[in-house]
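For reference, the structure is listed below as structure tokens.
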Amino acid sequence: MHPALQGIITILVGVGGCVGYFYLSNQFLDKVLCPPRGKNAGRNINRANIIRPWLFLLPAILALSIYLAYPVIETLRLSLTKRSTLPDGSTAYAWAGLDNYRQMMKEPKFWEALKNNAMWLAVVPALATGFGLLAAQLTDRLKWGNIAKSLIFMPMAISFVGAAVIFKLVYDMRPIEQEQIGILNALYLNFGGEAPIAWLTTPFWNSFLLMAVLVWIQTGFAMVILSAALRGIPEETIEAAIVDGANPFQVFFKIKVPQIKGTIMVVWTTITIVVLKVFDIVFAMTNGQWETQVLANYMYDKLFRSNDWGVGSASAMVIMLLVTPILVWNVRNARREME
Amino acid sequence: MANLKMTGIAKSYGDVSVLEDINLEIKTGELIVFVGPSGCGKSTLLRMVAGLEKITAGELEIDGVVVNNIPPAERGIAMVFQSYALYPHMTVRENMSFALKLAKKSKEEIEAAVSKVAKILQLEDYLDRLPKALSGGQRQRVAIGRSIVRNPKVYLFDEPLSNLDAALRVATRIEIAQLKESMPESTMIYVTHDQVEAMTLATRIVVLANKGIAQVGTPLELYERPENEFVARFIGSPAMNLWPGEVVATGAQTKVQLADGCEALSNVPTTEADMGLKVKVGVRPEDLRATEGTPVFTGKVDFTELLGELTQIYFDATAGEHVIAKLPGIVHGLRGQNIRLAANPEKVHLFADGRSLLYR
């Protein structure tokens, strides 16, 4: 079958199946299970209203338990066992306690990944949120602000791998006698650089060049959310501040920013979670070489390159442990925002 | 402590003109109320005084200085907004001291000013609360306090009571009146669409309509001697009744022949030249009394409302709007009856082409 046709059929079956499930199950509840007529009409209506939320939540609960809860438990189990292939070709799992974790701790690459992740955490959420806030504020009053916003938002639509490929070209290096196709080297030479630099293989700074990719993508996200929040600020509080004698900077930092602090924190933590899971960019650009390793790529290396399921799962657990508190805090914050 | 002068002020948004040729002088110590129907530009005019809207044409002077291009903070004004516009992330104390902090006043000075105003407005117990922990009336007081702390030349109020419930509105109205009395030197401009607020608070009322000023005067001037039909109908509730007629006798008193054999006698003087002039006779509902003699109006009662202190009567509305009369006390059994009403000549207004004959 033609892949496009296959795709269309998948979409139709998927979307149709969802709509069909919600429609038919609702009909079943209202018409067959608890019909609102007869002598128990009132009781049936109440019952139907108690059952309905569960009916609609059921697919999500099932999907989440199969694709989220089960993998977490399985990963935990794998991280505590040692897998070995027996001579007859079958695999055997043996209880290993914390051996996998101990082994991981001994590996310098793990510590490098942890250190790099910490650096990403310090840089990316701050820059993406900061640029996003700046873009949101600056585009808000412009006539062509919406065009500017679309341009800034567009990277959001590009996959991480796609963005990585684009930036690989930006950082590209050719021998000095050839024309530079990487814009960074072209600029560097134009402004007096002596020889092109292999940016991505220069340790320490290359990590920041990778971070730039994620900042480029996430700024759009931050801008859209913060722009909506800025518009939600009551105009009169801003006017009151102007009458009170605040200059534009004071209006921004003392009146606007404090009023959207909650949203800023939600954006910040959401990007933090993305950063903790960052994998594609590193995988596609340096694959963790030249001291750019991060936890998710480390996990991928262990799990699928070295086939070391134990240490791979152990590093997955570390990522989860790091993400969880931020996630909880984020959800709480978002809820408080909604009140 | 300031005189305000508007000379030929106009405002337009692109091609749409909102206000044209506003001329007004406001003296120190006055409480001027801008009233008018929705969309008449009263808030826009206030916001131009505040500096929140650009003045399209004309000049605005405060104490003799043209302030058209002076930023709001340097005009010496303070504004109380309809929604209070308290800064939600600041405590009451911080809200009130924000302007002083921006003006780089010393800590002691700020503290002294805030606690003095908090005492006047009975906000001392709430100084460390956030606005969301306050009731509507308390928020309103904080908003007023925030403006007093700055000790401005001119206070601007933009419908400050419209977000309060009825009982609180009356109480706060009285508080504002007392506040004004305690600061006799302060100049205030107050925008409202509520004519009770206008009548009770104002030293002078400015009625805005049709992009301009319909009349300026003390509340009683506007009530007793409206310059035109618009002001006559706008001030007073229910609105003044208007009947078309023709002048049949002139002199110190004027006699007007109305429909259905009714006649009106008015103390508005006219001259020989006015004989046969088509006029409108205006009488307020509260000035109509039942009579046996020649009526100014007669009709069948359509509907009555017993309000206790008075009885409000609505007449047949076939000719357009209801004619309304207020009779003192409780009067039963009027519905469906034909009633004849008369009015004291002193209270009968005459209009020709929309203008009062008093102001020719």
With all protein chains modelled, accessible area of residue A:321 [1.4 Å, Å²]: 120
Would you kindly give the portion of the calculated P(r) for chain B that falls above 31 Å, as a percent of all Cα pairs? 47
Any idea what the relative contact order of segment B:63-177 is, in percent, if you count C-alpha pairs under 8 Å spaced at least 6 apart? 42
Extent of the protein assembly as shown along each principal axis, from alpha carbon coordinates, in Å, largest to smallest? 128, 81, 56
Which cross-chain or sequence-distant (5 or more) residues have an amide H under 5 Å from the amide H of residue B:190, H modelled 1.01 Å from N in plane? B:32, B:33, B:34, B:157
Ignoring ligands, DNA and RNA, how do A:54, A:111 rank by accessible area with a 1.4 Å probe, largest first? A:54, A:111
Set of aspartates and glutamates with alpha-carbon distance to residue B:255 below 15 Å, sequence-local pairs under 8 removed: B:246, B:263, B:272, B:274, B:346
Listed residue pairs exceeding 30 Å between alpha carbons, taken from A:143/B:101; A:82/A:109; B:211/B:278; A:261/B:105: A:143/B:101
Roughly how big is the protein assembly as shown's charge dipole about its Cα centre, with Cβ charges of +1 (Lys, Arg) and -1 (Asp, Glu), in debye to the nearest 20? 2280
Rounded to the nearest Å, what's the spacing between the alpha carbon centres of segment A:292-339 and segment B:115-152? Just the number, please. 49
Taking Cα atoms only, helix B:92-102 is inclined relative to the longest principal axis of chain B by an angle, in degrees rounded to 10, of 70
Specify whether the C-alpha gyration tensor of segment B:24-178 places it in the rounded, prolate or oblate class, a ≥ b ≥ c being the square roots of the eigenvalues: rounded for a/c under 1.5, otherwise prolate if a/b is larger than b/c and oblate if not. oblate
In deg cm²/dmol, rounded to the nearest 500, the helical mean residue ellipticity at 222 nm of the protein assembly as shown, built from -39500 (n - 2.57) for every DSSP H run of length 4 or more, is -14000 deg cm²/dmol
Compute, for residue B:63, the solvent-accessible surface of its heavy atoms (probe 1.4 Å) with the complete set of protein chains present, and express it in square angstrom to the nearest 10. 70
When only C-alpha pairs under 8 Å and at least 6 residues apart count, what is the relative contact order of chain B, in percent? 15
Let me know the shape class of segment B:166-257, please: from the alpha-carbon gyration tensor, a ≥ b ≥ c as square roots of the eigenvalues, rounded when a/c is under 1.5, otherwise prolate if a/b is greater than b/c, or oblate. prolate
Cα to Cα, under 18 Å, and not fewer than 8 places away if on the same chain: which aspartates and glutamates meet these conditions relative to residue B:5? B:20, B:21, B:25, B:30, B:53, B:59, B:61, B:63, B:74, B:185
Placing unit charges on C-beta atoms (Lys and Arg positive, Asp and Glu negative, everything else neutral), compute the dipole magnitude of segment B:4-227 about its Cα centre in debye, rounded to 20. 660
Straight-line reach check, residue B:104, cutoff 20 Å on alpha carbons, 8 or more apart in-chain or any other chain, hits among lysines -> A:254, B:116, B:153
The size of the Cβ-based charge dipole (Lys, Arg +1; Asp, Glu -1) of segment A:3-144 about the Cα centre, to the nearest 20 debye, is 600
Of A:311, A:170, which has the most accessible area and how do the rest follow, probe 1.4 Å? A:170, A:311
Chain A: relative contact order as a whole-number percent, Cα under 8 Å and 6+ apart: 22
Using +1 at the C-beta of Lys and Arg and -1 at the C-beta of Asp and Glu, which of A:67, A:22, A:42 has the Cα lying farthest in the positive direction of the dipole of segment A:3-79? A:42
Chain B: angle of helix B:166-182 to the longest principal axis, Cα-based, in degrees nearest 10: 70
Counting only protein heavy atoms and leaving out ligands, DNA and RNA, the solvent-accessible surface of residue A:10 at a 1.4 Å probe, in Å² to the nearest 10, equals 90
From Cα coordinates alone, what are the radius of gyration and Dmax values for segment B:241-359 in angstrom? 14.6, 46
Could you work out how far the C-alpha centroid of segment A:40-88 sits from that of segment A:96-163, in angstrom? 31
For a test of the definition: using alpha carbon positions, the gyration tensor, and the 1.5 limit on a/c, classify segment A:235-302 as rounded, prolate or oblate. prolate
Could you give the distance between the Cα centres of segment B:212-243 and segment A:218-281, to the whole Å? 50
Helix axis angle, B:136-149 relative to chain B longest principal axis, alpha carbon, degrees: 60
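The values are calculated or read from the model by the stated rules, or taken from the named source; none is laboratory data. Quantities reported herein were computed from a predicted structural model and do not represent experimental measurements. Positions of Cβ are backbone-derived with ideal geometry, glycine not excepted, and every protein chain shown enters the neighbour counts. Just the protein is used for accessible areas: all its heavy atoms, side chains included, with ligands, DNA and RNA removed. Shrake-Rupley method; radii C 1.70, N 1.55, O 1.52, S 1.80 Å.
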